[in-house]
Every structure is written in structure tokens, then in C-alpha cells.
1. Can you tell me which of (1) buried (at least 16 other Cβ atoms within 10 Å of the Cβ); (2) on the phi < 0 side of the Ramachandran plot is the one ASP108 doesn't meet?
2. Quick one: in the stretch 161-190, which of the residues that are within 16 Å of ligand 2 (Cβ to nearest atom) and hydroxyl-bearing (Ser, Thr, Tyr) is farthest from the chain's Cα centre (by Cα)?
3. Kindly establish whether GLU130 is more than 21 Å from TYR217 (Cβ to Cβ) and away from ligand 2 (no atom under 16 Å from the Cβ).
4. Taking the criterion of being part of a loop (DSSP other than H, G, I, E, B), under 19 Å from the mean Cα position of the chain (by Cα), more than 16 Å from ligand 2 (Cβ to nearest atom) and at pLDDT 95 or above, would at least one residue in the stretch 136-149 satisfy it?
5. Quick check on my filter: what residues within the stretch 9-41 are touching a residue at least 60 places away in the same chain (Cβ under 8 Å), surrounded by fewer than 17 Cβ atoms within 10 Å (Cβ to Cβ) and not in a helix (DSSP H, G or I)?
6. Take the residues in the stretch 213-232 that are surrounded by fewer than 18 Cβ atoms within 10 Å (Cβ to Cβ) and in contact (Cβ under 8 Å) with a residue 40 or more places away in the chain, then tell me which one is nearest to ligand 2 (Cβ to nearest atom).
7. Would you be able to say whether some residue in the stretch 10-19 is closer than 24 Å to TYR110 by Cα and either modelled with pLDDT of 95 or more or out of contact with any strand residue (DSSP E or B) (no Cβ under 7 Å at 6 or more places or on another chain) (or both)?
8. In the stretch 265-287, how many are surrounded by fewer than 16 Cβ atoms within 10 Å (Cβ to Cβ), assigned to a loop (DSSP other than H, G, I, E, B) and either in contact (Cβ under 8 Å) with a residue 24 or more places away in the chain or of a type outside the set (D, E, K, R) (or both)?
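The values are calculated or read from the model by the stated rules, or taken from the named source; none is laboratory data. In this text the structure is predicted, and so the values were computed from the model without any measurement. Quick reminder, even Gly has a Cβ in these numbers, built from the backbone with ideal geometry, and neighbours come from all protein chains shown.
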Amino acid sequence: MILPTRLRKNPAIRDLVRETHLAMTDFVYPLFLVDGEGIKREIGSLKNQYHFSIDMLEEEIKDLKAKGVRYVLLFGVPDEKDAEATPAFSDDGVVQRGVRKIKEIDPDMYVICDVCLCEHKSDGHCCFFEENGDIKREKTLDTLCKTAVSQARAGADMVAPSDMMDGHIAAMRKALDEAGFESIPIMGYSAKFASTFYGPFRDAANSAPAFGDRRAYQMDPANGVEALKEVALDVEEGADIVMVKPAMPYLDVLTRATEISYLPMAAYQVSGEFAMIQNAVDNGLLDERAIYESLLCIKRAGAGIIITYFAKDMPELIAKYQ
Ligand code: PBG
Ligand code: ZN
């Protein structure tokens with residue numbers, strides 16, 4: 001007998017030697033909040049994902065809770081963007097109102113806020129620019145910090161800067177501490193690649209850049225070592241959790257990052273990864289088990305925290321396939 005078969009003989013032994021298990025505490029579910037009233041609108045590019053106006057959150061939050069989803073990541077999609085990204089840091093912004101509402105509905109729902117300017121700024125970029133096209137760093141950091149502080153003031157449990165500006169974690173930590181929010185953790189989108197896999201999200205967040213692309217501040221998909229440098233910088237600056245994004249095409253980066261950072265590691269299974277798998281399942285090309293496998297493998301590669309649009313499907317899939 002070939003040796004390994006002894007450990008694969010029946011379900012009991014396979015369960016005993018299995019290295020990785022999924023649980024609902026692994027998952028963070030992204031939610032998209034819009035201005036207006038009475039809106040629960042399916043996002044064309046993301047099946048089963050919706051734009052919610054604040055007044056429509058109650059049913060969704062209760063449903064998430066019933067399914068065992070305990071962590072949400074909020075994105076704001078305001079009606080009116082402006083050149084200063086004002087809706088990002090306004091205490092009355094859609095994210096800030098959303099946090100207050102969710103905490104009112106369920107104080108135990110753990111609320112993480114994405115911190116970036118692209119969804120709130122008329123040009124769809126994550127930063128401000130100088131005349132010559134260079135990044136206006138001070139002003140960008142300042143605006144990001146104001147955004148994080150106003151989210152914390154609204155009751156956010158954690159902030160997650162996705163802007164990729166140099167020095168953003170240190171600046172945000174200082175701003176949060178000075179405002180009395182020492183206990184609010186920062187999850188850095190540390191190794192965020194300039195990826196085509198964000199395509200469907202840009203529809204959802206109405207955040208496609210009006211000119212150019214994000215390659216000046218997001219990473220070249222060809223670079224693994226540079227990603228480790230970005231992770232190391234965020235760790236040094238005081239991040240509490242680091243993230244690699246996207247997930248599946250970057251599992252090597254994820255694994256290597258766990259070797260240089262002793263912080264909890266997150267991975268973002270982004271909109272394009274979701275759309276690919278969901279479409280294949282819907283068209284009978286893949287069995288739904290592919291959803292479970294994709295998340296299991298992201299966890300096996302080293303992510304203890306997985307941001308995924310599949311979070312709501314997972315109780316059922318875990319029950320079936322684990
Ligand atoms: C904004 C942001 C993006 C995503 C998360 N935060 C888009 C981007 O950088 O263009 C992508 C998420 C997804 O594709 O699911 N900075
Ligand atoms: Zn952005």
C-alpha cells in the first residue's frame with residue numbers, strides 16, 4: 001500500500017488529518033451604502049450584492065446576523081462627489097450615517113470602514129495631485145486621516161485604509177490617537193496591486209478614475225519582493241492587521257508576507273474573483289464547491305481573515321463540504 005492512502009481511507013481519518021477549516025469568524029462581508037431612501041438595488045456587475053440606502057439596512061443586518069456574519073466592511077457611494085472628497089470625511093457622509101445606523105440595529109455587528117478618497121472624489125482617484133501630476137502627499141494624508149477619525153467618531157470598530165499612500169498608517173495612527181481613538185485598530189491594505197480584477201467593484205463604487213490609472217500608487221502585479229517591502233513598512237508604521245489584495249492570483253505574496261510579518265494576515269477576494277467564480281457556477285461550468293475551495297485555499301495560504309462577497313453563502317457551504 002502506498003503510504004498516504006492510509007490517511008485518506010475514510011472520512012474519519014481525512015477529517016482528523018485536515019489542516020485547514022473554515023469558520024464564519026474568518027469572513028468579512030463588504031457592504032455598499034448609497035444616498036437616498038428606499039434603495040436596495042442589485043449591483044449589475046456583482047450578483048446578489050446590493051446598494052443599500054441607510055433606511056434599508058435593518059433587514060440586511062438582521063439577515064447577516066442570522067447567517068452568522070459578524071464583520072462588515074463599509075464602502076460609501078455618495079450621489080454628489082466633489083473635488084475635495086468632502087463626502088468621505090463629513091460626519092454626515094453616507095458611511096458615517098451607515099455606521100451609526102448599523103450600531104443602532106445591532107451593537108455587536110463589528111463594523112470596519114474602508115478609508116479612501118476614490119469613491120468620494122470627482123476624478124475617482126485615491127489621492128490629490130500637484131499641477132505636474134505628482135501626488136500631493138500632505139493634503140492626501142490629511143484628508144484620509146480626517147476620514148478615519150470621522151468614521152471612528154461615528155462608531156466604527158476598525159478602519160481600513162486602501163489608498164496606498166506612503167506613510168498613511170503612521171499618520172492615521174497618530175490622528176486616531178490624538179482624537180482619543182487609541183483602541184481602534186488599523187487594517188492596512190498593505191500589498192494592493194493595480195489589478196484588473198477590481199473591474200466589477202469600480203461599477204459598484206462608481207470609482208473608475210476619470211483619467212489615467214492607479215499605477216502611480218498601486219503595485220505592479222509583477223512585483224513580489226516589493227509587496228513584502230510594502231507590508232514591512234505598514235508593520236513598522238503601526239498597522240494592526242496587514243492585507244494582500246487581490247487574493248487568488250497573489251497567494252504566493254500572501255504566504256511570503258506571513259513569513260515577514262507576525263501580524264494577523266487578511267486577504268481580499270476581490271470583485272473580479274467573485275464574478276469569475278459566480279458566473280462559472282451560474283453557467284454550470286463549475287460546481288458550487290469551487291466557492292468553498294477558493295476560500296479554503298486562501299486560508300491555507302496564510303490568511304486568517306478573508307474579505308469576500310461569498311460570506312453570506314458560507315454557512316451553507318461549510319455545512320455541506322467541510
Ligand atoms: C478603493 C478600493 C478598491 C477596492 C477596494 N477598495 C478599488 C480600487 O482600488 O480601484 C476593490 C475591491 C474589489 O474589487 O472587490 N481604493
Ligand atoms: Zn481608492
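1. It fails just one condition, (1).
2. SER190
3. It is false that GLU130 is more than 21 Å from TYR217 (Cβ to Cβ) and away from ligand 2 (no atom under 16 Å from the Cβ).
4. Within the stretch 136-149, none of the residues are part of a loop (DSSP other than H, G, I, E, B), under 19 Å from the mean Cα position of the chain (by Cα), more than 16 Å from ligand 2 (Cβ to nearest atom) and at pLDDT 95 or above.
5. Residues satisfying the conditions are GLU19, THR20, HIS21, ALA23.
6. Residue satisfying both the conditions and the ranking: TYR217.
7. No, because not a single residue in the stretch 10-19 is closer than 24 Å to TYR110 by Cα and either modelled with pLDDT of 95 or more or out of contact with any strand residue (DSSP E or B) (no Cβ under 7 Å at 6 or more places or on another chain) (or both).
8. Residues that pass the stated criteria total 3.
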